[in-house]
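First comes the structure, then the notes that go with it.
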């Protein structure tokens, strides 16, 4: 039982006892090779550094994201720079953990979250539903222009590593939307914070019609590969203050 003691010692200040027990059961099933399929979900409640509750899948990918967002606070550097945001758009919301984090640390903000991958979106919808009407979710992907897209996932074990590809307009296609279309669907006249984590499609975000950019007060972007250079991000952000918040996120402030 020493590993159980170590588990409680590590997480007792971060999660509720019930959540630690659920995490313990997950680890026990994993050690016995008895993990259930990823359609199985369970609830976690964290209490530090922020308080929040959310649903995750029986997946190390989701649990790694919990650690990244809530315990390591990869978006924590935004808080002193983006004061009292009223409108947030979360592009690439995955299962909604960043959305939940933003809803917690920015309690006055309305949040519009987009996620294309169907199994991610199903959990996102659950997590956002608990924050309604302040938070809403849409199954869609950012693209340079409106068009049908498909999810290309080279490894189905990892729901946060995939790319979108244009396809024929057919059943199962995901709607690709440009930023003006997303702003229209959000109902926001302006965006105080645009969070972008879209596995390379940030290049598509900064193509096509860019007349929307002055309507965004702050960007928080995770780049993939050489997408920062390909998207001409630093040139487009001239006149803004660009900050390397951490290895994960680039912030650009008006």
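Some values worked out for this structure:
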read-out: Alpha carbon convex hull of segment 23-127, volume per residue in cubic angstrom; value: 95
read-out: Rounded to 5, the percent of DSSP beta bridges in segment 74-253 classed as antiparallel; value: 45
read-out: Segment 11-111: relative contact order in percent, alpha carbon pairs under 8 Å with at least 6 residues between; value: 22
read-out: Gaussian network model of the chain, Cα within-10 Å springs - most flexible of 184, 222, 68; value: 184
read-out: Relative contact order of segment 68-208, pairs being alpha-carbon contacts under 8 Å that are 6 or more residues apart, as %; value: 26
read-out: Sorted largest first, extent of segment 168-254 alpha carbons per principal axis (Å); value: 42, 31, 20
read-out: For the chain, built as a Gaussian network whose Cα springs stay under 10 Å, the top-fluctuating residue of 98, 140, 39; value: 39
read-out: Most mobile of 59, 19, 132 in a GNM of the chain (Cα contacts under 10 Å); value: 132
read-out: Within segment 1-140, percent of DSSP bridges classed antiparallel, to nearest 5; value: 45
read-out: Convex hull volume per residue in cubic angstrom - Cα atoms of the chain; value: 131
read-out: Å³ per residue enclosed by the Cα convex hull of segment 1-58; value: 68
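Since every read-out is calculated from the coordinates, none of them should be taken as a lab result. Keep in mind the model is a prediction, meaning the values are calculated, not measured.
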